[in-house]
Amino acid sequence: MKKTSKSAKARGEAQRRPKVVILCGGLGTRLSEETAIRPKPMVEIGGQPILWHIMKIFSACGFNEFVLALGYKGEYIKDYFVNYRYRSRSLTVRLPSGDIDVHTEDGDNWTVHLLDTGFDTNTGGRVRQAAQFVGREAFLLTYGDGVADIDARRLIEFHRSHRGLVTVTAVRPPARFGGIVFEGDVVSRFAEKPQVGEGWINGGFFVVEPEAVNYIKDDATLWEGEPMERLAREGQLVAYRHEGFWQCMDTLRDVRHLESLWQSGKAAWKVWK
């Protein structure tokens, strides 16, 4: 019997790892102090965009291929990754030829797909377009404005063991996001942004099967609306309860809070070395 080399086995495992889709196209109107000049995922915490922090969370678990669904000011995100290799390394620039020598090669082993999904496209439309790029395979999905000390490997294991079309990570922050009601591990009701009450809410960090994309009508569809509500009604939406750290970045107060945690060495979402 022919033996499979370790390198070939590693490549095979890497190919089976789900891609990570990150929604990066919203206007971020509640953070207009920052988003008037750059897209929300590019607002910095500790000198790096929050998008970088989110990608590092997944990368720490071995997920290094990303599909970024761009919209508002997407060119800022494109420019960041086009120049990513040069930003934190020592360089020699030969002006007559334009050649650039990079003296340090240690860095993130990421593949980043930058998709223009439209300025006015809603979250469901962005998921739909990204899924068409990913193809007929399950993928990880999250927003470009929230961090957590989540282990994406355990999230995927949980998803596969429950066999729903979508797994949503449920967290316990302030009561201003999508409320989740359980029956066991199955979501019985999903209500976006309830006005009162506290409990488990939508923290992002989904696992999505390709069949779930059929629940999205068009680019105007809100992912957190009819698709997830219908998935819940049909018993196809499963909740992964995350008891650890989670924080979104909706307001300037949130930015300051995350920055203070980073500067004080208390950034619980820093799961990488």
- Just need the relative contact order of the range 67-222 here, percent rounded to a whole number, with Cα pairs under 8 Å and 6+ apart. 27 percent
- Note on the structure: Under 5 Å from the placed amide H of PHE182, counting only residues 5+ away or on other chains, we find SER188
- Residue-ordered couplings for the range 202-215, obtained by feeding phi - 60° into the Karplus form 6.51 cos²θ - 1.76 cosθ + 1.60 and rounding to whole Hz (Gly and Pro as x), are 5, x, x, 6, 9, 10, 10, 7, x, 5, 5, 5, 5, 7
- Please report how far the C-alpha centroid of the range 67-90 lies from that of the range 110-145, rounded to the nearest whole angstrom. 16 Å
- Please give the contour-minus-distance gain from LEU27 to ALA60: 0.36 nm per residue of separation, less the Cα-Cα distance, rounded to one decimal in nm. 9.0 nm
- Of all DSSP beta bridges in the chain, what percent run antiparallel (nearest 5)? 55 percent
- Scalar couplings 3J(HN,Hα) for the range 99-115 by Karplus 6.51 cos²θ - 1.76 cosθ + 1.60 (θ = phi - 60°), nearest whole Hz, x for Gly and Pro, are 5, 10, 9, 9, 8, 10, 10, 5, x, 7, 8, 10, 10, 10, 9, 10, 9
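Do you know the relative contact order of the chain, to the nearest whole percent, from alpha carbon pairs under 8 angstrom that are 6+ apart? Let's see the in-between values first.
Working: 501 pairs, mean separation 61.9, N = 273.
So the answer I get is 23 percent.
Based solely on its DSSP helices, what 222 nm [θ] is calculated for the chain when runs of n ≥ 4 H residues each add -39,500 (n - 2.57) and the sum is averaged over all residues, nearest 500 deg cm²/dmol? Walk me through the numbers on the way to the answer.
Details: 9 runs with 81 residues, N = 273.
It lands at -8500 deg cm²/dmol.
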- Would you order ASP151, ASP145, ASP106 from fewest to most other beta-carbon atoms within 10 Å of each residue's own beta-carbon? ASP106, ASP151, ASP145
- Task: Run down the aspartates and glutamates and flag those whose C-alpha is under 13 Å from the C-alpha of LYS40, throwing out any fewer than 8 positions away in its chain.
- Result: GLU75, ASP145, ASP250, ASP254
- Message: Quick one: 3J(HN,Hα) in Hz for the range 16-32, Karplus 6.51/-1.76/1.60 with θ = phi - 60°, rounded, Gly and Pro as x.
- Response: 7, 5, x, 6, 10, 9, 10, 7, 10, x, x, 7, x, 5, 6, 10, 4
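Going by C-beta contacts inside 10 Å, put SER260, SER59, SER97 in order with the fewest on the left.
Working: SER260 12, SER59 20, SER97 7.
If I rank by nearby Cβ atoms, fewest first, I get SER97, SER260, SER59.
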- How do 244-256, 62-74 rank on mean C-beta neighbours within 10 Å, highest first? 62-74, 244-256
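Take the residue pairs LYS73/LYS270; LYS19/LYS266; LYS56/LYS78; LYS56/LYS266; LYS19/LYS78; LYS56/LYS217 and return only those whose Cα atoms are more than 22 Å apart.
Working: LYS73/LYS270 27 Å; LYS19/LYS266 29 Å; LYS56/LYS78 18 Å; LYS56/LYS266 16 Å; LYS19/LYS78 19 Å; LYS56/LYS217 32 Å.
Where the Cα-Cα span goes over 22 Å, the pairs concerned are LYS73/LYS270; LYS19/LYS266; LYS56/LYS217.
Since every read-out is calculated from the coordinates, none of them should be taken as a lab result. Bear in mind the structure is a predicted one, so any value in this text is a computation, not a measurement. No Cβ is skipped: glycine too gets one built from the backbone with ideal geometry, and neighbour counts run over all protein chains shown.
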